[in-house]
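Here is the structure we will look at, set down as structure tokens.
Coordinate-derived values only; no laboratory data. Nothing here was measured: the structure is a model prediction, and the numbers come from that model. Note that each Cβ is placed from the backbone with ideal geometry, even for glycine, and that neighbours are counted across all protein chains shown.
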Amino acid sequence: MIKGISYFGVRRPKWALEDMKEIKERGFTHVLHTWSEEDLLYYRDSMQEIIDGSDALGLKVYVNPWGVGRVFGGEAFSELVGRNFSIAQKTVDGKSKVAACPNQPEFRLYMDQWIEAVCKTKVDTIFWDEPHFYFEKGALDNWACCCDHCQKKFLDQYGFKMPLSLTPEVETFRENSLIDFLNEMTEKVHRLGKRNSVCLLPPWFPAGIENWNRIAELPFVDEISSDPYWEKTTPSETIKENYREISKRLLSLAQKYNKDAQMWIKNYHIVEGKESDVRLATEEAYNAGIRNIFAWSYRGSEYLSWLRSDNPELVFETQIHALENLR
């Protein structure tokens, strides 16, 4: 049984490794460390110390591109587009967004640098966290990406100009673009001797990847996962149903394509009095057959105030006990 938890924000190796000791002592087998654009620029050696130190303590390490280019999930700021507007994703209204386009060669070159740096550490698995195109809640008709590079690529593939609506051809183009990007990235990681895990946004997010089979069948993807996190007002029964159904879907795909399956449990923004939802989600994933369960994030996210649960200590203890009591 794999029991993991994410960790971020602390870049003093001595202090971070004290937290790693607690994570190990509380029964976790794995930890996910975030690696942002800021980390690549300013904390590369510190991150190596933290990752290698985690490994030395007996924790297997995942690392994700935290908020990198805004193509991946995470609260970290991205300045890639600020440094080079030409790589920005554009929505159909013609506006550039603070997100890099995964079709842009310069963004892929940046990701090459990210991969090379991270894979020099004792990381076990690169975690491709929620790869997606830019989208806005409540404005789904203003989709991305319509940058010059995407428009040219679309024209070359289909023989006509990219439409301004999400036609089947545009939806397929967006999915093909993300698949091509991930195939290239995961192959580079594989060549450096590390595993690849891809975390897919749940179906209710218009991320650009509808057909999860296409991720599962990629040759260098070792693991598929999802994170059907709930809102503060989501009923417990809905949480259970979502975790049950998505866990079953993941496990079916994993078995079909000989991959590992992983589920993520929400440990942030947990409302006081609703801590038991953490246990319910964990049990549903396990009962569906998942044996690789991670939580986001350490200590109920107490140290990032925007994510902090109402009672972070209770959330952390609830998650630990939920994992301990799995049968």
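For the chain, a simple Cβ point-charge model (Lys and Arg +1, Asp and Glu -1, everything else neutral) yields a dipole of about 400 debye relative to the Cα centre.
Computed from label points 7 Å out along Cα-Cβ, the spacing between residue 276 and residue 95 is 4.4 nm. Sequence-ordered 3J(HN,Hα) estimates for the stretch 298-312 from the Karplus curve with 6.51, -1.76 and 1.60 and θ = phi - 60° stand at 3, 6, x, 6, 5, 8, 10, 4, 5, 9, 3, 6, 4, 10, x Hz, glycine and proline given as x. Across the stretch 115-131, rounded Karplus estimates of 3J(HN,Hα) from the backbone phi angles (6.51 cos²θ - 1.76 cosθ + 1.60, θ = phi - 60°) give 4, 4, 5, 5, 6, 7, 8, 8, 4, 9, 9, 8, 9, 7, 8, 6, x Hz, Gly and Pro being marked x. Sticking with the crude label model, points 7 Å out along Cα→Cβ, report the distance from residue 141 to residue 257 in nm, one decimal please. Output for this residue pair reads 3.4 nm.
Below 8 Å, C-alpha to C-alpha, sequence gap of six or more: please give me the relative contact order for the chain in percent. Present the calculation step by step, with values, prior to reporting the outcome.
Working: 603 pairs, mean separation 48.5, N = 327.
Value for the chain: 15 percent.
Among rounded, prolate and oblate, which fits the stretch 129-267 when a ≥ b ≥ c are the square roots of the eigenvalues of its C-alpha gyration tensor, a/c under 1.5 means rounded, and a/b larger than b/c means prolate? Taking the square roots of the gyration eigenvalues as a ≥ b ≥ c, the stretch 129-267 is oblate. Size of the chain from its Cα atoms: along the principal axes, largest to smallest, the extents are 58, 45, 38 Å. Distance between the pseudo-spin-label points of residue 210 and residue 324 (7 Å out from Cα toward the beta carbon): 4.6 nm. Remark on residue 223: its backbone amide H falls under 5 Å from those of 196, 198, 260, a criterion applied only to residues 5 or more positions apart or on other chains, H modelled at 1.01 Å from N. Remark: the Cα gyration tensor places the stretch 127-201 in the oblate category, a/c being 1.5 or greater and a/b not exceeding b/c. Note on residue 171 and residue 24: with the Förster distance fixed at 35 Å, the Cβ-Cβ geometry gives a FRET efficiency of about 0.20.
Grab the other residues whose beta carbon is less than 13 angstrom from that of residue 286, score K and R as +1, D and E as -1, and report the net. Intermediate values should be presented prior to the final figure.
Working: positive: 3, 240, 244, 248, 279, 291, 327; negative: 283, 284, 324.
Cβ neighbours under 13 Å give a net charge of +4.
In plain terms, the chain from residue 156 to residue 183 could stretch by 7.7 nm, reckoned as 0.36 nm per residue minus the Cα-Cα distance. Cross-link pairs exceeding 32 Å in C-alpha to C-alpha distance, out of 188/266; 153/188; 90/248; 60/266, comprise 90/248.
How big is D, in µm² s⁻¹, for the stretch 158-229 by Stokes-Einstein at 4 °C and 1.567 mPa s if Rh is the Kirkwood radius over C-alpha pairs?
For these conditions, the coefficient is 96 µm²/s.
For the stretch 194-327, what class follows from the C-alpha gyration tensor (a ≥ b ≥ c being the square roots of its eigenvalues): rounded when a/c is under 1.5, otherwise prolate if a/b is larger than b/c, else oblate? It is prolate, given that a/c is not under 1.5 and a/b is the larger ratio.
Residues with beta-carbon under 13 Å from that of residue 9, excluding residue 9: net charge, scoring Lys, Arg +1 and Asp, Glu -1? It works out to a net charge of -1. Spatially, the stretch 259-325 and the stretch 179-226 are offset by 24 Å when compared through their Cα centroids.
Length gained on full extension, residue 57 to residue 291, computed as 0.36 nm times the residue gap minus the Cα-Cα distance: 82.0 nm. Each Lys and Arg contributes +1 and each Asp and Glu -1, all at the Cβ; summed about the Cα centre of the stretch 67-137, the dipole is approximately 180 debye.
Greater than 31 Å separation of Cα atoms is the criterion. Which listed pairs, 24/256; 95/120; 95/122; 97/161; 3/240; 161/256, meet it? Flagged as over cut-off: 24/256; 95/120; 95/122; 161/256.
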